[in-house]
Amino acid sequence: MTLYPHAIPPVPEVTAAAVQSAFPKGNLYVDRRAEFGTLFDDRLFADLYPVGGRPVEVAPWRLALVVVMQYIEGLTDRQAADAVRRCIDWKCALSLDLADPGFDFTLLHDFRERLLAVDAAQRLLDTFLTACKASGLIKARGTQRTDSTHVLAAVRTLHHLEVVLETMRCALNRLTVADPAWIQAHIPEAWFQRYGLRAEQSRLPKATTQREALGQLIASDGYQLLTWVWDAESPPQLHALPAVEILRQVWMQQCSWCTIPGHETIQLRALSDKPPSAQLIQSPYDLEARSSSKRDTHWVGYKVHLSETCDAGRPDLITQVLTTAATTQDRSVGPLIQQALADRDLLPGTHLLDSGYVDADLLVSAQVQHQIDVVGPPFGSYSWQRRAGNGYDLQAFVLDWEGQVATCPQGQRSVKWTPGRDVSGDPVIRIRFGLAPCRACPVRHLCTATKRAPRQLTVRPQSYHIAIQQARQRQATADVQARYALRAGVESSIAQATRRFDLRHCRYLGIARTHLQQVVTAVAINLVRVIAWLWNEPLDERRRGAGHFAQLAPRPLSRRAMLC
């Protein structure tokens, strides 16, 4: 199909009259149309379609609006297509006549796939933010805040025994579709009972020895299947099946096969012998989902980072969405978020962040590259001296950066100043003091816990060291703490996105489709917030009334009073 852009038609008179009669006080979609027009147009999606071919069945601007509205309502593709046929407010937003029959629901899937093909999901959010900037709803160089939350992949969380069992089943299903005759010629009858049903439909043994025996059996079957597939007499097209490659990768991670004569063993790997969580495949159906933990929360999936405006007198609007693997640390994405905001002319003047994002690299890059004031508690010192509140931590030493010498509280000067890198690859400077002065020091117990070695310091280069020390000192001031209190508001945004828009549950498989879901969800949240702001709805917390009984109390009741 090819796209021939046309002028967007006005709302038919019959539809407008019906909407006015049904919603005399306004409606989310009707008011959105009145405030922002159609929002999208066909030219925005011109590169999604080939040059030649028959014309598209439904204008892309309509499909884009339907995708956003289905996320507002939490609808499936079928339900969204049905809403286009039966809801007069949807017909008004889409400039459709009341008798319009709508379209087939599969067009929504096709449109999302076209967005993914050219990475065009961000256009939906940027177009809405551009309209908001033109209306004065976003303050230039205002205040923004960022936080992250976990996202559950659209797959079951599998035990390591279930992972190999389901991977075998997935491979056998794909091989059966590709060549059922080959399957019938090779697969033993016992495999149908073992791998015919999904892992959650099978009864796994509870005894440890029985589970280990089953694991060895599945591992042996997997290696046997790979041997058959790669046999010279097997059809070549079987080698190229993605499920076969997935089976090979999972078996490398989960199983071990010793072929030394006299020591042949096939078994599942122990947890300590598996790859790190950032590389470990958790499901054969979503290869990018990873297992992670944060305090008491454990999940398999992804992580989403939301940045939003928080200026007084304006609605809080999400400006940036970043989807990462679940194992990605927050500290590594701070510069990426700010660079993405800079590329779209949405940089804040003040950026409120929690301690997970704030490190020396972000403090320096934000100030030097983007002139952003980062407000947030940086990582603290983990030295035993600071934790104990007694002793000489890094703050007690005087650093002469030009002379490359450090002086301890007792007046001793360092003897080595060696640049290097830490385990994360970040540049550091390792400073060492003399052995003899340290051993003879009368307050050695306040400086180091080692019995014989001298004191050593590890610091970041000068600009990074100064930035982190200044941030720690500034964060302790009452003025900065008062400004930082505004960051807590992002928790309400995550709560709204989770409870109303189901942000934490993936609709689709893979990080690209998950990111598309998060971006469209951000557009939906922004649209709802802007209309609520135009309606002058209160933004503070709404509470239910105390009830008739409480009204008879002799004095006002306190919510903070302790129940006895």
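Rolling a 1.4 Å probe across all protein chains gives TRP228 an accessible area of roughly 60 Å².
Bridgeable lysines around LYS294 (alpha carbons under 19 Å apart, same-chain partners fewer than 8 residues away excluded): LYS303.
With the cut-off at under 20 Å, measuring from each backbone N in segment 442-485 to a point 7 Å along the Cα-to-Cβ line of GLN339 picks out 464.
Please compute the per residue accessible area over segment 244-314 with all protein chains in place, 1.4 Å probe, rounded to a whole number of Å².
Values: 3680 Å² over 71 residues.
Accessible area per residue, segment 244-314: 52 Å².
In terms of the mean number of neighbouring beta-carbon atoms within 10 Å, the peptides 481-490, 422-431 order highest first as 481-490, 422-431.
What FRET efficiency comes out for PHE192 versus LEU280 if R0 is 22 angstrom and r is the Cβ-Cβ distance? Round to the nearest 0.05.
Numbers: r = 29 Å, r/R0 = 1.32.
Efficiency for this residue pair is about 0.15.
Comparing LEU217, PRO335, HIS351 along the charge dipole axis of the chain, the residue lying farthest to the positive side is HIS351, per the Cβ-charge model.
Can you tell me the dipole magnitude for the chain around its Cα centre, using point charges on the Cβ only (Lys, Arg +1; Asp, Glu -1), in Debye to the nearest 20? Could the numbers behind the result be given before it?
Details: 64 positive and 55 negative charges, 552 e Å.
Here the chain has a charge dipole of around 2640 debye.
When the alpha-carbon atoms of the chain are used, the pair Rg, Dmax equals 30.3, 95 angstrom.
Tell me the trypsin sites (Lys or Arg not before Pro) within segment 1-103 that lie in a loop according to DSSP and have at most 14 other beta-carbon atoms within 10 Å. Spell out each step's value before the answer.
On the way: sites: LYS25, ARG32, ARG33, ARG43, ARG62, ARG78, ARG85, ARG86, LYS91; in loops: LYS25.
Listed in order of number, the matching sites are LYS25.
Overall, the accessible surface of the chain at a probe of 1.4 angstrom is composed of carbon and sulfur to the extent of 53 percent. The value given for segment 466-533 is a Kirkwood hydrodynamic radius of 14.7 Å, derived from the mean inverse Cα-Cα separation. Accessible surface for segment 58-136, divided over its residues, is 37 Å² per residue with a 1.4 Å probe. Ignoring lysines fewer than eight residues from LYS451 along the same chain, the ones with Cα atoms less than 24 angstrom from its Cα are LYS416.
Assuming 0.36 nm per residue, please report the length gained on full extension of the stretch THR458 to ALA476 beyond their Cα-Cα distance.
Numbers: separation 18, 0.36 × 18 = 6.48 nm, distance 2.37 nm.
Length gained, THR458 through ALA476: 4.1 nm.
About its Cα centre, segment 105-179 has a charge dipole of approximately 480 debye under the convention of +1 per Lys or Arg Cβ and -1 per Asp or Glu Cβ, with nothing else charged.
The values are calculated or read from the model by the stated rules, or taken from the named source; none is laboratory data. Just so it is clear, the model here is predicted, and its values are computed rather than measured. As a convention, Cβ positions derive from the backbone with ideal geometry for all residues, glycine included, and neighbour counts pool all protein chains shown. Only protein heavy atoms, including side chains, enter the accessible area calculation; ligands, DNA and RNA are left aside. Shrake-Rupley method; radii C 1.70, N 1.55, O 1.52, S 1.80 Å.
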